[in-house]
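Input: a single structure, listed below in structure tokens.
The values are calculated or read from the model by the stated rules, or taken from the named source; none is laboratory data. Treat the numbers as computed from the prediction; the structure is a model and nothing was measured. Virtual Cβ from ideal backbone geometry, glycine too; neighbours counted across all protein chains shown.
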Protein chains: 2
Amino acid sequence: MSLKDFLAFDSLLSDRTRLAIMATLTSSEEPIDFNTLLEQLDLTKGNLSSHMRKLEDAKLIKVSKRFIDRKPKTTYVASTRGSLELKNYLTQIQNVIEKVDE
Amino acid sequence: MSLKDFLAFDSLLSDRTRLAIMATLTSSEEPIDFNTLLEQLDLTKGNLSSHMRKLEDAKLIKVSKRFIDRKPKTTYVASTRGSLELKNYLTQIQNVIEKVDE
């Protein structure tokens with residue numbers, strides 16, 4: 001893949017924050033809730049919400065809302081499409097790294 | 001390095017276009033002129049100019065203006081600082097990739 005192709009490839013994950021969110025979700029064996037993501041990535045609520053909405057709209061994550069101890073709790077997992085998109089994106093970055101290392 | 005550190009690390013190269021420009025410059029053994037970069041990365045003149053200015057201001061590239069056959073020609077190379085910044089940035093991305101692969 002050329003660097004031109006890398007630039008032409010339009011991915012939601014070329015945003016660094018969304019890349020980190022997807023990396024966190026796919027690395028976790030369990031669903032992750034909003035506050036854990038906030039803490040792990042040190043983001044503001046508004047910033048994280050906006051990214052999660054974009055990822056949900058693009059069907060890269062699955063959102064589940066449940067009540068635990070009568071309190072609502074929203075958790076997130078990477079969707080199959082999301083895991084695939086992340087893998088594709090990282091493969092592309094890997095190609096860039098190899099070009100530089102040559 | 002944690003994903004939090006990855007997000008906190010502020011780099012001009014977290015922009016994908018600038019990453020591709022720096023990858024092109026460091027992979028080349030010779031200085032590259034503006035039109036070659038334009039072609040190789042398929043960017044518009046305005047877009048490329050603006051990125052080159054930011055990279056120059058941050059001293060990540062060195063710009064040289066010469067006359068060849070009486071025509072002005074501007075060429076670019078990655079500076080030592082630029083090559084280092086690229087290497088650092090790619091190491092960080094590599095860490096993210098390894099986290100996901102675990």
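In table form, for the structure just shown:
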{"quantity": "So A:TYR89, is it buried (at least 18 other Cβ atoms within 10 Å of the Cβ), touching a residue at least 40 places away in the same chain (Cβ under 8 Å) and not in a helix (DSSP H, G or I)", "calculated": "no"}
{"quantity": "Selection from the stretch A:1-42 of residues that are within 17 Å of A:GLN92 (Cα to Cα) and either assigned to a loop (DSSP other than H, G, I, E, B) or small (Gly, Ala, Ser) (or both)", "calculated": "A:MET1, A:SER2, A:ALA8, A:PHE9, A:ASP10, A:SER11, A:SER14, A:ASP15, A:ALA20, A:ALA23"}
{"quantity": "Which numbered condition A:GLU29 misses (of (1) under 19 Å from B:PHE6 (Cβ atoms); (2) surrounded by fewer than 19 Cβ atoms within 10 Å (Cβ to Cβ))", "calculated": "(1)"}
{"quantity": "Members of the stretch B:29-42 found to be within 14 Å of chain A (Cβ to nearest Cβ) and touching a residue at least 12 places away in the same chain (Cβ under 8 Å), listed by number", "calculated": "B:ILE32, B:LEU37, B:GLN40, B:LEU41"}
{"quantity": "Residues located in the stretch A:69-84, provided they are among the basic types (Lys, Arg) and in contact (Cβ under 8 Å) with a residue 40 or more places away in the chain", "calculated": "A:LYS73"}
{"quantity": "Count of the stretch A:43-68 residues which are free of Cβ contacts under 8 Å to residues at least 40 places away in the same chain, surrounded by 14 or more Cβ atoms within 10 Å (Cβ to Cβ) and in a loop (DSSP other than H, G, I, E, B)", "calculated": "1"}
{"quantity": "Qualifying residues in the stretch B:84-102 (those that are in contact with a helix residue (DSSP H, G or I) (Cβ under 8 Å, 6 or more places away or on another chain) and more than 9 Å from chain A (Cβ to nearest Cβ)) - the one modelled with the lowest pLDDT", "calculated": "B:ASN95"}
